[in-house]
Amino acid sequence: QVQLVESGGGLVQPGGSLRLSCAASGSIFSIYAMGWYRQAPGGPREAVANVVRDGRTSYAAFAKDRFIISRDNAENMVYLQLNNLKPEDTAVYYCNGDGTIWGQGTQVTVSS
């Protein structure tokens, strides 16, 4: 029943930062794992980062030490801070709940 809506994407130069937001229409407390995925044009959808209910996080290798995922269960929000962005980070970024609930995505373009 929960719906997810992403925002915060845009055009940024290499080395820049963006903060993506995922707003849930219902409580995310009921969702154990919230995550972010991304999909480059013509490419696969790949996992970026995951955060479980108690705040424990995990990251893909390319996201480690550059991206930060967080969740606010009280506000029903999930965030992905993107730092030191590279052109290869260009993709549509999707919010996900328990691997099955998807938002519509927000475009991140990294280009000079």
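The values are calculated or read from the model by the stated rules, or taken from the named source; none is laboratory data. Values in this document were obtained by computation on a predicted structure and should not be read as measured data. Heads up, the Cβs are rebuilt from the backbone with ideal geometry, glycines too, and the neighbour counts pull from every protein chain shown. Each accessible area value is taken on the protein alone, full model and side chains, heavy atoms only, with ligands, DNA and RNA left out. Shrake-Rupley method; radii C 1.70, N 1.55, O 1.52, S 1.80 Å.
Worth a mention:
- Assuming charge only on the beta carbon of Lys and Arg (+1) and of Asp and Glu (-1), the dipole of the chain about its Cα centre is about 140 debye to the nearest 20.
- Other-chain or far-sequence residues with amide H under 5 Å of PHE67's (modelled H): ASN83
- Antiparallel %, DSSP beta bridges [both residues in the chain], to 5: 90
- Given the chain, longest segment not containing exposed loop trypsin sites (Lys or Arg not before Pro) (DSSP; at most 12 other Cβ within 10 Å): 1-55
- Taken per residue, the accessible surface of the chain reaches 51 Å², heavy atoms only and a 1.4 Å probe.
- Vicinal HN-Hα couplings computed from phi for the stretch 31-41 (Karplus, 6.51 cos²θ - 1.76 cosθ + 1.60; Hz; Gly/Pro x): 9, 5, 10, 10, x, 10, 10, 9, 9, 6, x
- Computed from phi, the 3J(HN,Hα) profile of the stretch 62-77 under the Karplus parametrisation 6.51, -1.76, 1.60 (θ = phi - 60°) reads 6, 9, 4, 6, 10, 10, 10, 9, 8, 9, 10, 5, 5, 9, 6, 10 Hz, with x in place of Gly and Pro.
- Loop-located GluC sites (Glu not before Pro) in the stretch 33-107, at most 15 other Cβ atoms within 10 Å (DSSP): GLU75
- Percent carbon-and-sulfur accessible area, the chain, ignoring ligands, DNA and RNA, probe 1.4 Å: 49
- Ranking by accessible area, most exposed first, for TRP102, TRP36 with a 1.4 Å probe: TRP102, TRP36
- The length gained by stretching the chain between ILE68 and ARG19 to full extension, at 0.36 nm per residue less their Cα-Cα distance, is 16.7 nm.
- Top positive-direction residue, dipole computed over the chain with Cβ charges, set SER30, PRO41, ALA60: ALA60
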